[in-house]
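Only one structure is covered here, and it is reproduced in the block below.
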Amino acid sequence: MLKNNLGYPRTGANQELKGACENYWAGGISEKDLFLTARLVREEGWVHQLRADIDLIPCNDFSFYDHVLDTSFMLGNIPSRYVPVLTKSRTNTELDLYFAMARGYGKDGLDLKAMETMPWFDTNYHYVVPEFSENQEFRLFSENVFADFSHARSFLSKTPKPVILGPVSYLLLGREVGSDFHRLSLLKKLIPVYVEILQRLTDYGADWIQVDEPFLCMDIDEKTRQAFRDAYREFKARCPKAKILLTTYFNSLDQNMDFCFSLPVKGIHVDLTRGALDVQRLLKMFPHDKVLSLGLVDGRDGWKNDYDHSLEIIERCIGLLGEDNIMIATSCSLMHSPATFIDHISLELEDSLASAVQKLDELRELSEIARGGLPEALHINRASHALRSTRPDL
């Protein structure tokens, strides 16, 4: 029963990355200094996950600004108006181009506004909206996904799990510009780049590859369903060795359960903290040739996990699917949780809360309790929930 984390906070325990970025934008530090801070923040997160004995530690979940913008950069989807950021300055780098798209640019005779942002589903996070034209072309532009995998593997001494945003959700998150067309029509051009990414990650030694498709938890039409079929059938045909963990979150999979389970992937992650998911139906329908990742530890709220509730689900899943065919996981990326609690809070409130570091420990403890260990941890968790139930103000 593997322990699977979907992503980790990006800014550091004390907002180190945010401060370094602001200092870089103000000209106070060099790009080299910024990269050093980013490296330390990533490694700090990996250390926490190693300490919690997480089996599938994510990489490429870090971002200087936004993971959807990172995906646009990876795929070479850079609006032409930003290209002069590089051509009009000998000192600007690809990072300056990236920040120009995120924040705008007002130097070298250029006056460029930042790209549009939108809420990331129903969270407080905002992503940079991709722009698509009818004659859009895609190519592998940024190779950070490979560099981060190599860095993580050497640092961890174990195989990390690359995280990428899936092609269908990426297109659906964007908007069309120019002529009248639908952005899903670009999927045929996008698939070859994703195939190259999946093939290279597999060749580099990646075992599981997390491909996020949150739109599978949305109300989707037949055109969108066909797009998912086309993409993942092509991945299966052209990347047969790639172990794709198709990852959904932010809602129940109930409405698309049959369809999602039919896609040719090795594993599927479901969010068990959002929506009214029928677990019995899930287990009855889940294919026995796939691995099920159970999103039990809530990545969005700050409350401690209810171990008794989670253990009931784990035991039912083990009983029907077997321990080797399930993972226990965070419901979504922990980027929505604080890395640690810095501000002063009351002891009673602190006893009911869990930071990202503590949520990693919850995965570890749930795994050990499910195997018959850590009775004291279960007792402490029950006491915390009993206290919270007597305090409606918590």
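Computed from the coordinates by the stated procedures, all read-outs in this text should not be read as laboratory data. Worth saying up front: this structure is predicted, and the values here are computed from it rather than measured. Every residue, glycine as well, gets a Cβ built from its backbone with ideal geometry; the counts of neighbours run over all protein chains shown.
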- Message: Residue by residue through region 90-96, what is 3J(HN,Hα) from phi via Karplus (6.51 cos²θ - 1.76 cosθ + 1.60, θ = phi - 60°)? Round to whole Hz and write x for glycine and proline.
- Response: 7, 9, 5, 10, 4, 5, 5
- Query: In terms of Cα to Cα distance under 23 Å, which lysines are near enough to Lys236, apart from those fewer than 8 places away along the same chain?
  - Reply: Lys161, Lys188, Lys189, Lys223, Lys266, Lys290
- Task: Just add up the charged neighbours of Gly166: K/R +1, D/E -1, any other residue whose Cβ is under 9 Å from the Cβ of Gly166.
- Result: -2
- What's the local net charge at Thr248, with K and R +1, D and E -1, over the other residues with C-beta under 9 Å away? -3
- How big is D, in µm² s⁻¹, for region 61-125 by Stokes-Einstein at 4 °C and 1.567 mPa s if Rh is the Kirkwood radius over C-alpha pairs? 103
- Query: For the chain, what's the radius of gyration and Dmax over Cα atoms, in angstrom?
  - Reply: 21.4, 67
- For region 131-221, restrict the atom set to alpha-carbon positions and state the Rg and Dmax in Å. 15.3, 50
- Near Lys113, which lysines are there with a Cα under 20 Å away, not counting those fewer than 8 places off in the same chain? Lys88
- Note on the structure: Other residues with Cβ under 13 Å from the Cβ of Arg139 give, with Lys and Arg +1 and Asp and Glu -1, a net charge of -2
- Message: Straight-line reach from Lys107: which aspartates and glutamates fall under 18 Å, measuring Cα to Cα and dropping same-chain residues less than 8 apart?
- Response: Glu22, Glu31, Glu94, Asp96
- Task: Can you tell me the equivalent ellipsoid semi-axes for region 145-186? Use √(5λ) from the Cα gyration tensor, largest first, whole Å.
- Result: 35, 9, 6
